[in-house]
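Engineer: Questions regarding the structure given below will be posed in turn.
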Amino acid sequence: MTAEKLTYNELRLGEGAKDAFLSGISPEEIERKFPVYLNTREVYAGLNATDIVVAGVLSGMNGLLVGDTGCGKSQLASDIARYYFGGERKDGGSALTIEGHPELEIYEEVLSEFSDKEKKRVLNGNHKAKYWNLEELNRCPPFAQNQFFSVGNGRLIRGGSAIPLGEDGYVSSLATANLGNGEYQGTFETDKALYNRFGVIVDFDYEMFSPTDEDRIFIDELVAANPNLKRAPIRDISDKIVVAKEEIDNMLRNTSLEAKAVSQYLELGLASYRGSDGKPVRKTKNWWEPFEENFTGGTRPLKSLVRNPQPRTTQALMRYATSLHYLAKLKNPKRKINPIDTMFKAFELTAAYQDVLNPLVLSQEYKKEHPVMMARVAEQLKADFRKNEDYILTSFESARNRGDVFKQYFKVKGDGQTYAGEPSDEVDKNKVTVVKPFNNLGEVNLTWVNSAIDVQKKIHDMKVKQGKRGKKNKK
């Protein structure tokens, strides 16, 4: 039996408690019936800070919640475990909670038990948890943190075999951590490869993601003055979440050309810059150093602030952008979602801690405030993309839909129009201005568009051949 379709109302956490309170239900009854995490700070397209975390869960991504102690990150992760996934597996739910500590041994402590029959430790079924709540990630030293790579990769390697985590093709995790420059005793550094396993990282220390003043006042009204986590009621909608993830997967298979263009702009366009000799220079490990050596003040060029995301980050970007679109439409079916805006917002939310920002600028000018710098850089990138949006999308669409390859444009003096391709013989060449937008002269390298157009043409030709084959087979 197929699970019913998920509704946005089923995903609401503290908003339900707030509505109940305003209808006159007592705080005691609310605490028994509703989760209490409340954060309605609007972030994008009608989605609030709670929603942007939930979007990652719906798509089966791994998320990391960071921020000062008491900011609510553990409450949010716990509410999702209990209210979406029915609580712990040992109690009949499909969630698993692991709390980090220096001697943590996940396989021995959580995932296995000793079998008298086999005389060895065997899996106890906990690896099938659909939702992994990973508390206090960086309370583990780096060696112990390596165990979380299995969760990040969605598989457990034992005895030379890869055992998939989760069930029904679904697994998601939320980890929590306190970040800071030595401010938190007993915490350890986390290497960038592990950060790269977390598709979405939300830092609640920043106002753009923190609860509003009204949220905080309602939280005080809703719960007793108790600093401990509030235990949300048990409810299991995991079957519906699995279906939602499948719907997001289907949307990904039909990604728009706009989204693909932004993805390639970020992954390929930011991978190099124009050297002093005019030739492209690949951004390698210490890519920012030449920019810093030549910087004499003033406005920094965009290409000196950010580099291209790695493939895993790009994949997370595409999945997360699709999930944001899905959830925004679930929340308000009438809302219009611009795929380009969504992609750049997704880049902001997935790449802030993924080693794409100039570390010297991040440290010296932004005081290591990753979300702040990332938000500003993402807006600048979007503005730069918009300058050439019409050229890029026209060429993409023409190549894929009609097989026409346009790599240059032209304008005719006094006409006011822009035309694709070469001017015809009837056009007065003295009035023609040729535009070749796909070059390496701007803030972001656009030479990749030429190759992308060729690929779109090949896709068009492949579909034409398939169509001819299909007609032939019918005959």
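Engineer: Answer rounded, prolate or oblate for region 255-465, using the Cα gyration tensor with square roots of eigenvalues a ≥ b ≥ c: rounded when a/c is under 1.5, else prolate when a/b is larger than b/c, else oblate.
Structural biologist: oblate
Engineer: Collect residues whose amide H, placed 1.01 Å from N in the peptide plane, falls under 5 Å from the amide H of residue 173; neighbours closer than 5 in sequence don't count.
Structural biologist: Placed amide hydrogens put 62, 63, 132 under 5 Å from residue 173.
Engineer: Hey, fewest Cβ within 10 Å first, where do 116, 239 land in order?
Structural biologist: Neighbour counts put them in this order, fewest first: 116, 239.
Engineer: Find how much the distance from residue 191 to residue 216 grows on full extension, using 0.36 nm per residue of separation minus their present alpha carbon separation; answer in nm with one decimal.
Structural biologist: Net length gain for the segment: 5.7 nm.
Engineer: Separation between the residue 8 and residue 162 pseudo-spin-labels, each 7 Å from Cα along Cα→Cβ, expressed in nm?
Structural biologist: For residue 8 paired with residue 162, the spin-label model returns 3.7 nm.
Engineer: For residue 338 and residue 376, FRET efficiency with R0 = 30 Å and r from the beta-carbon atoms, rounded to 0.05?
Structural biologist: The computed FRET efficiency comes out at 0.95.
Engineer: Let me ask you something else. If you restrict to DSSP beta bridges whose two residues both lie in the chain, what percentage is antiparallel, to the nearest 5?
Structural biologist: Beta bridges within the chain, antiparallel portion: roughly 55 percent.
Engineer: Measuring from centroid to centroid over Cα atoms, what is the spacing of region 103-165 and region 22-84 in Å?
Structural biologist: Result: 26 Å between the Cα centres.
Engineer: Fewest first, what order do 291, 410, 344, 149 take by the number of other Cβ atoms within 10 Å?
Structural biologist: Ranking 291, 410, 344, 149 by Cβ neighbours within 10 Å, fewest first, gives 149, 291, 410, 344.
Engineer: Moving on. Give me the distance between the Cα centres of region 373-393 and region 203-244, rounded to whole Å.
Structural biologist: Comparing the Cα centres of region 373-393 and region 203-244, I get a distance of 34 Å.
Engineer: Could you tell me the distance between the Cα centroids of region 315-334 and region 274-302, to the nearest Å?
Structural biologist: Their Cα centres are 35 Å away from one another.
Engineer: Distance in nm between label sites at residue 205 and residue 360, each 7 Å beyond Cα in the beta-carbon direction?
Structural biologist: Each label point lies 7 Å from its Cα, and together they span 2.4 nm.
Engineer: Sorted from fewest to most neighbouring beta carbons within 10 Å, what does the list 34, 295, 21 look like?
Structural biologist: Ranking 34, 295, 21 by Cβ neighbours within 10 Å, fewest first, gives 295, 21, 34.
Engineer: Would you be so kind as to identify which of 64, 76, 153 lies farthest towards the positive end of the dipole of region 49-184, taking Lys and Arg as +1 and Asp and Glu as -1 on Cβ and the Cα centre as origin?
Structural biologist: Sorting the options by dipole projection puts first 153.
Engineer: Using a Förster radius of 35 Å, what is the FRET efficiency between residue 296 and residue 408 based on their Cβ-Cβ separation? Nearest 0.05, please.
Structural biologist: Efficiency at R0 = 35 Å is approximately 0.50.
Engineer: Using label points projected 7 Å from each Cα along Cα→Cβ, tell me how many nm separate residue 116 and residue 246, to one decimal.
Structural biologist: About 4.1 nm, to one decimal.
Engineer: Taking the Cα centre of region 255-465 as the origin, how large is its charge dipole in debye, to the nearest 20, when only Lys and Arg (+1) and Asp and Glu (-1) carry charge on their Cβ atoms?
Structural biologist: With only Lys, Arg, Asp and Glu charged at Cβ, the dipole is about 700 debye.
Engineer: Give the range of the longest stretch in the chain that excludes all GluC sites (Glu not before Pro) found in loop regions by DSSP and having at most 16 other beta-carbon atoms within 10 Å.
Structural biologist: Longest run free of exposed loop sites: 208-364.
Engineer: Would you mind calculating the gained length between residue 289 and residue 256 on full extension (0.36 nm times residue separation, minus the Cα-Cα distance), in nm to one decimal?
Structural biologist: Net length gain for the segment: 8.3 nm.
Engineer: Could I ask something else about it? Put +1 on the Cβ of every Lys and Arg and -1 on every Asp and Glu Cβ in region 255-465; which of 423, 340, 441 then has its Cα farthest towards the positive end of the dipole?
Structural biologist: 340
Engineer: Sticking with this one: Fully extended, how many nm does the chain gain between residue 105 and residue 451 (0.36 nm per residue separation, minus their Cα-Cα distance)?
Structural biologist: 119.7 nm
A short reminder: the numbers here are calculations on the coordinates, not readings from a lab. The structure displayed is predicted, hence computed values, not measured ones. Please note: Cβ atoms are built from the backbone with ideal geometry, for glycine as well, and neighbour counts cover all protein chains shown.
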